[in-house]
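The values are calculated or read from the model by the stated rules, or taken from the named source; none is laboratory data. Small disclaimer: the values here were computed from a predicted structure and weren't measured. Neighbour counts run over all protein chains shown; Cβ positions are idealised from the backbone, glycine included. Note: accessible area is taken over every heavy atom of the protein model, side chains too, but ligands, DNA and RNA are not part of it. Shrake-Rupley method; radii C 1.70, N 1.55, O 1.52, S 1.80 Å.
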Amino acid sequence: MVDAAVLEKLEAAFKKLQGTESKSLLKKYLSQEVFDKLKTKKTGFNSSLLDVIQSGVENPDSGVGIYAPDAESYSTFSDLFDPIIEDYHGGFKKDAKHPNKDWGDVDTLPNVDPTGEYVISTRVRCGRSMEGYPFNPCLTEAQYKEMEEKLKATLDGFQGDLKGSYYPLAGMTKEVQQKLIDDHFLFKEGDRFLQAANACRFWPTGRGIFHNDAKTFLIWCNEEDHLRLISMQPGGDLGQVYRRLVTAVNDIEKRVPFSHHDRLGFLTFCPTNLGTTVRASVHIKVPKLAANKAKLEEVASKFNLQVRGTRGEHTEAEGGVYDISNKRRMGLTEYEAVKEMSDGILEIIKIEKELP
């Protein structure tokens, strides 16, 4: 049972949410009935419904509006998480089961733009949580440090293409900081959605960035998720980008077990990022389709793709350049998620070429 003070804050938060014009999935699915059913519950890590919904209440422009403060929250507050997951992940129903991990045949993914006319860069990333630790809002300062040490020990074993350096945020020099910002690697503190979810405590303790010598692979440690693994390079060679990511994830998994759920797949802090947690994306220049945004959105939705501005979520396209990625991460394998993006991009390029 939650205490009276939390309950009072929850009632106020629910009332505030009802009074906003929010189009978030939180507002859509947190009915009075669901609220009353969940408001007194808490997880083994002491997380309440308030921890789940506070970011969406503070930020009515959120698309989703909820986070899981720990892995248990997905079960404890399933009456709210399940319909939101189903809505966001294209019909992943509450009796559905995410398939086992399958990276597929990594050699069958193509270069989606061999002539280099359209695709500026390609990126594939996934999120992972270390087993046995809660998510950001519940982590202690000691746990942040412990997790960082575990990761560093693993990264020391990277060889070949993946070999590189780890840069802790704590005590980082201005020179290193500037270099990482110039390379567009450094994540910033102060994302208002994460701040409101109480996910930035003890900053910068236990946070850092690893990148390989070629700067085509990086890992964010304890930003939004415990680990965010990112493979990327200029141009459209999706196959090469994907292979690098798969090698790295498999390598780390041998030494650091990941948090996994029989039904939901890999578990992370945000419910948009469950299942495969894979987001494959390109920065693509399609000026003709940019002038016909409805057509672009039509093709994107056919392949379950998300079209965003060049600087990610909540931004506009600059110069006809879009960030286009797979939207579905659940109910399909890792390979199928990336293949969906690949097929959609090939179709978008084909239409761009055909437009007068």
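Descriptive notes on the structure:
- Scanning segment 20-74 for residues being more than 25 Å from Thr140 (Cβ to Cβ), more than 25 Å from the chain's Cα centre (by Cα) and modelled with pLDDT of 95 or more gives a total of 10.
- Which listed residue, of Glu175, Glu146, is of a type in the set (Asp, Glu), within 28 Å of His283 (Cβ to Cβ) and not in a loop (DSSP other than H, G, I, E, B): Glu175
- Matching residues, segment 165-201, being small (Gly, Ala, Ser), open to solvent by less than 70 Å² (accessible area, probe 1.4 Å) and on the phi > 0 side of the Ramachandran plot: Gly190
- Flag if Arg263 is farther than 24 Å from Pro114 by Cα and either in a strand (DSSP E or B) or touching a His at 6+ places or on another chain (Cβ under 8 Å) (or both): yes
- Hits in segment 346-356 - residues which are in contact (Cβ under 8 Å) with a residue 40 or more places away in the chain and either charged (D, E, K, R) or closer than 9 Å to Phe303 by Cα (or both): Glu347, Glu352
- A count restricted to segment 23-44 and to residues that are under 13 Å from Ser75 (Cα atoms) and not in a helix (DSSP H, G or I) stands at 4.
- Between Leu186, Leu180, Leu194, the distinction of being of a type outside the set (S, T, N, Q), within 23 Å of Pro134 (Cα to Cα) and not in a strand (DSSP E or B) belongs to Leu194 only.
- Some residue of segment 233-243 being more than 20 Å from Ile324 (Cα to Cα), touching a strand residue (DSSP E or B) at 6+ places or on another chain (Cβ under 8 Å), crowded, with 17+ Cβ neighbours inside 10 Å and in contact (Cβ under 8 Å) with a residue 40 or more places away in the chain: no
- Residues located in segment 213-231, provided they are touching a residue at least 40 places away in the same chain (Cβ under 8 Å), open to solvent by 10 Å² or more (accessible area, probe 1.4 Å) and closer than 18 Å to Lys179 by Cα: Asp213, Ala214, Thr216
- Exactly one residue out of Asp107, Asp102 is touching a Lys or Arg at 6+ places or on another chain (Cβ under 9 Å) and open to solvent by 60 Å² or more (accessible area, probe 1.4 Å), and it is Asp107.
- Only one entry in Asp87, Asp61, Asp79, Asp51 is assigned to a loop (DSSP other than H, G, I, E, B) and either under 28 Å from Ala280 (Cβ atoms) or in contact (Cβ under 8 Å) with a residue 12 or more places away in the chain (or both), namely Asp61.
- One residue stands out in segment 317-345 among those that are touching a residue at least 40 places away in the same chain (Cβ under 8 Å) and assigned to a strand (DSSP E or B): the one that is surrounded by the most Cβ atoms within 10 Å (Cβ to Cβ), namely Asn326.
- Selection from segment 52-107 of residues that are farther than 25 Å from Thr40 by Cα and basic (Lys, Arg): Lys93, Lys97, Lys101
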